[in-house]
Amino acid sequence: MLIKIHEGYRKTIALVDKDLIGKTFGEDIKEIEIKENFFKGEEKTKKEILEILKDMQKEDATFNIVGEKACQTALEAEIINKQGIIKIQNIPIALVLL
């Protein structure tokens, strides 16, 4: 998985399964493009990502999560729940705006 922290008024966390970078998924009116400049961050272990997600949740960050592994990790970190996951072309996606 790749994680990137965007600094701003509030931090925005981009978490993605590595193999999805550069791809676009769409159906009907829903579409998502996994752009390198937004999602391509550092490759980290699941344990490292769990720690980062929990820390960032305390910081009132927002989260953009794409991919099976990424969403599963966010579920484990209690950043999202199953009802908060949508799928586009069978790719799980979750957005968290706290």
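The values are calculated or read from the model by the stated rules, or taken from the named source; none is laboratory data. Keep in mind it's a predicted model, so treat the numbers as computed, not measured. Because the Cβ atoms are built from the backbone with ideal geometry, glycine has one as well, and the counts that use them run over all protein chains shown.
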Among the residues of the range 45-85 satisfying the criterion of being free of Cβ contacts under 8 Å to residues at least 12 places away in the same chain and not acidic (Asp, Glu), which is nearest to ILE3 (Cα to Cα)?
THR45
I'd like to verify a number: residues in the range 72-98 that are among the charged types (D, E, K, R) and within 19 Å of PHE39 (Cβ to Cβ), how many?
1
Residue in the range 20-44 that is nearest to ILE5 (Cα to Cα), counting only those that are in contact (Cβ under 8 Å) with a residue 24 or more places away in the chain and exposed (fewer than 13 other Cβ atoms within 10 Å of the Cβ):
GLU42
Selection from the range 57-78 of residues modelled with pLDDT under 95 and either in contact with a helix residue (DSSP H, G or I) (Cβ under 7 Å, 6 or more places away or on another chain) or crowded, with 20+ Cβ neighbours inside 10 Å (or both) yields ALA61
